[in-house]
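Right, one structure below, let's go through it.
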Amino acid sequence: MIARGGAVRYGCAMQRPVGIDLISFHTPAYYLALDTLAGVRGADPAKYHVGIGQDRMSIPPPDQDIVTLAANAAAPLLAKSGTENIGHVLFATESCIDLSKAAALFCHGLLGLPPRCRCVELKEACYAGTAALKLACEVVRNHPDERVLVLASDVARYDLGSPGEPTQGAGAVAMLVSADPRVFAIEPECGFHAEDIMDFWRPTYRTEALVEGKYSTRMYLSTLRSAWEGYKAASGRGLADHARFCFHLPFTKIAFKAFDRLCRFEGIEAPAMEEQEALLSPATWYNRQTGNTYAACLYESLCSLLDTAEEDLSDKRVGMFSYGSGCMAEYYAGRVVPGYRAHLFAAEHKKMLEERTELTYRQYEDIYTYGIPQDGDSHLMAPYRSGPFRLAGLENHKRRYERAE
Ligand code: HMG
């Protein structure tokens with residue numbers, strides 16, 4: 001419960017609010033328009049734009065991976081706030097580049113973070129971003145003078161020509177979690193649901209995910225119900241207590257399906273489509289342009305909402321639904337902190353999306369089929385527009401990163 005002054009009450013104790021102090025997102029500078037893909041695959045473009053609600057998908061060039069995406073997302077945030085008191089880096093991903101070393105450690109080095117720092121990688125499909133954020137909040141509740149850097153970074157890949165292909169994407173979100181956050185205070189009540197299913201998975205010998213697409217969508221929507229019921233029981237809140245909603249967005253049409261379900265669970269008639277568009281679209285705009293960013297998706301949606309909603313969202317409660325295949329689901333909420341607009345990177349995010357380079361289908365396929373050399377020899381990576389951090393090359397099976405001037 002949020003008490004007067006923004007403090008959160010746990011049992012009898014009063015604690016300082018905890019949440020996202022700064023949030024920044026990064027996506028590759030290259031994209032494939034889904035009109036182009038529709039032309040090659042013989043699909044009706046409306047199936048992509050209207051049916052799944054996607055316009056473009058971000059394509060990472062060969063010198064970009066989850067590490068450079070995450071470091072690029074974090075750089076502006078650390079330039080603004082410094083690196084002092086960052087005692088943890090929690091890196092959420094399902095597109096790992098090493099089965100042993102945590103991607104958090106590569107970022108720790110690139111970003112010049114203090115040595116007194118716990119760096120780990122977390123995995124549970126797209127849910128890992130939320131797991132990292134919730135763990136970060138717990139750390140800060142116990143140590144209010146510490147800050148935690150949460151990085152969620154992924155490259156979504158499916159087989160060429162498969163139904164999942166138009167939902168591919170890539171991107172990273174960096175969040176600095178602290179006490180007395182300046183952007184988004186996270187409320188402690190939540191509901192979650194775990195179930196051992198095979199709706200989407202990626203064996204360690206594959207670079208592309210496998211998916212039972214329709215089943216995965218059904219499971220997303222059915223776990224929403226138990227997560228929502230758990231949240232309701234814990235918080236006593238209903239739909240009307242939320243001003244906005246952010247959902248995990250493998251494709252943006254699912255936000256409308258999920259919102260419709262929430263209305264049905266509550267026995268409320270869903271508002272007219274125009275009203276739903278006004279309510280939900282600001283939180284889907286960035287994701288429409290990037291495609292699925294897996295662990296980063298929900299937080300990219302939050303960035304999109306905060307950056308693009310015309311209405312001042314100060315003090316408004318935003319419902320958050322996180323889903324990770326396999327599967328793990330959680331519903332929780334947060335409050336937008338008054339004055340949040342002064343601490344966003346909205347102009348930078350919009351500029352980054354506007355200045356991307358469109359790929360032809362051939363260029364997309366060339367990048368898709370490019371394989372990272374696996375022979376242990378020295379390889380220099382050709383430079384693309386990947387900066388400021390990029391993969392410079394490989395040597396003796398080690399990745400070497402650099403910061404471009
Ligand atoms: P599909 O077979 O390509 O599409 O699969 P479809 O035939 O079902 O059509 C999709 C929608 O477009 C339908 O609307 C059609 O009616 C409509 P719906 O009935 O669903 O409302 N449509 C059109 N609309 C307008 N004009 C047209 C037209 N034609 C058709 N001409 C699917 C779609 C999403 C299943 C596929 O893209 C896929 O497998 N994607 C990957 C899996 C996925 O995204 N699952 C989502 C839930 S699981 C999740 O979110 C976790 C995940 O992020 C991974 C993780 O956790 O790590 C994936």
When the stretch 187-202 is checked residue by residue, the ones that are in a loop (DSSP other than H, G, I, E, B) and either within 20 Å of the chain's Cα centre (by Cα) or not hydrophobic (A, V, I, L, M, F, W, C) (or both) are E195, D196, D199, R202
Kindly indicate whether C303 is open to solvent by less than 10 Å² (accessible area, probe 1.4 Å), touching a residue at least 60 places away in the same chain (Cβ under 8 Å), in contact with a Leu (Cβ under 6 Å, 6 or more places away or on another chain) and closer than 22 Å to A170 by Cβ.
no
Selection within the stretch 136-149 - without any contact (Cβ under 8 Å) to a residue 40 or more places away in the chain and in contact with a strand residue (DSSP E or B) (Cβ under 9 Å, 6 or more places away or on another chain):
E138
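Can you go through A152, A172, A131 and tell me which one is of a type in the set (A, V, I, L, M, F, W, C), farther than 18 Å from L78 by Cα and either in a helix (DSSP H, G or I) or in contact with a strand residue (DSSP E or B) (Cβ under 9 Å, 6 or more places away or on another chain) (or both)?
After applying the criteria, what remains is A131.
Looking at G161, G112, can you tell me which residue is open to solvent by 30 Å² or more (accessible area, probe 1.4 Å), away from the ligand (no atom under 14 Å from the Cβ) and modelled with pLDDT of 95 or more? Break it down into steps so the answer makes sense when it comes.
Numbers: G161 fails: away from the ligand (no atom under 14 Å from the Cβ).
None of the others qualify; the one that does is G112.
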Select from the stretch 42-52 the residues that are open to solvent by less than 50 Å² (accessible area, probe 1.4 Å) and near the ligand (Cβ under 6 Å from one of its atoms) and write down the one among them that is nearest to G371 (Cα to Cα).
I52
Give me the residue from the stretch 77-108 that is charged (D, E, K, R) and either within 16 Å of the ligand (Cβ to nearest atom) or assigned to a loop (DSSP other than H, G, I, E, B) (or both) and, out of that set, farthest from V120 (Cα to Cα).
E84
When you look at A136, is it out of contact with any Asp or Glu (no Cβ under 6 Å at 6 or more places or on another chain) and away from the ligand (no atom under 13 Å from the Cβ), yes or no?
yes
In the stretch 303-349, which residues are in contact with a strand residue (DSSP E or B) (Cβ under 7 Å, 6 or more places away or on another chain) and within 16 Å of the ligand (Cβ to nearest atom)?
M320, F321, S322, Y323, G324, S325, G326, M328, A329, E330, Y331
Is one or more of the residues making up the stretch 368-383 touching a strand residue (DSSP E or B) at 6+ places or on another chain (Cβ under 7 Å) and buried (at least 18 other Cβ atoms within 10 Å of the Cβ)?
yes
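Condition check ((1) within 16 Å of the ligand (Cβ to nearest atom); (2) open to solvent by 10 Å² or more (accessible area, probe 1.4 Å); (3) assigned to a helix (DSSP H, G or I)) across all residues:
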{"position": "T204", "(1), (2), (3)": "yes, yes, no"}
{"position": "T207", "(1), (2), (3)": "yes, yes, no"}
{"position": "T217", "(1), (2), (3)": "yes, yes, yes"}
{"position": "A233", "(1), (2), (3)": "no, yes, yes"}
{"position": "A240", "(1), (2), (3)": "no, yes, yes"}
{"position": "R261", "(1), (2), (3)": "yes, yes, yes"}
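Hey, could you check the stretch 53-86 for residues that are touching a residue at least 12 places away in the same chain (Cβ under 8 Å) and open to solvent by 30 Å² or more (accessible area, probe 1.4 Å) and say which is nearest to L380 (Cα to Cα)? Break it down into steps so the answer makes sense when it comes.
Let us first name the residues in the stretch 53-86 that are touching a residue at least 12 places away in the same chain (Cβ under 8 Å), namely 53-78, 80-81, 83-86.
From what is left, the residues that are open to solvent by 30 Å² or more (accessible area, probe 1.4 Å) are 55-56, 76, 80, 83-85.
Details: D55: 33, R56: 29, P76: 27, K80: 32, T83: 31, E84: 34, N85: 36 Å.
Filtering the stretch 53-86 for residues that are touching a residue at least 12 places away in the same chain (Cβ under 8 Å) and open to solvent by 30 Å² or more (accessible area, probe 1.4 Å), the one nearest to L380 (Cα to Cα) comes out as P76.
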Return a yes/no flag: does the stretch 347-363 have any residue that is under 20 Å from the mean Cα position of the chain (by Cα), open to solvent by 30 Å² or more (accessible area, probe 1.4 Å) and more than 16 Å from F25 (Cβ to Cβ).
no
Scan the stretch 209-216 and give yes if some residue there is among the hydroxyl-bearing types (S, T, Y) and free of Cβ contacts under 8 Å to residues at least 40 places away in the same chain, otherwise no.
yes
Filtering the stretch 143-158 down to residues that are away from the ligand (no atom under 11 Å from the Cβ) and among the hydrophobic types (A, V, I, L, M, F, W, C), which residue is nearest to C297 (Cα to Cα)?
A152
Collect the residues in the stretch 22-38 that are open to solvent by 10 Å² or more (accessible area, probe 1.4 Å) and away from the ligand (no atom under 14 Å from the Cβ), keeping them in residue-number order.
H26, A29, Y30, Y31, A33, T36
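The values are calculated or read from the model by the stated rules, or taken from the named source; none is laboratory data. Owing to the predicted nature of the structure, the values given are computational and were not obtained by experimental measurement. Quick reminder, even Gly has a Cβ in these numbers, built from the backbone with ideal geometry, and neighbours come from all protein chains shown. Surface accessibility is based on the protein's heavy atoms, side chains included, excluding ligands, DNA and RNA. Shrake-Rupley method; radii C 1.70, N 1.55, O 1.52, S 1.80 Å.
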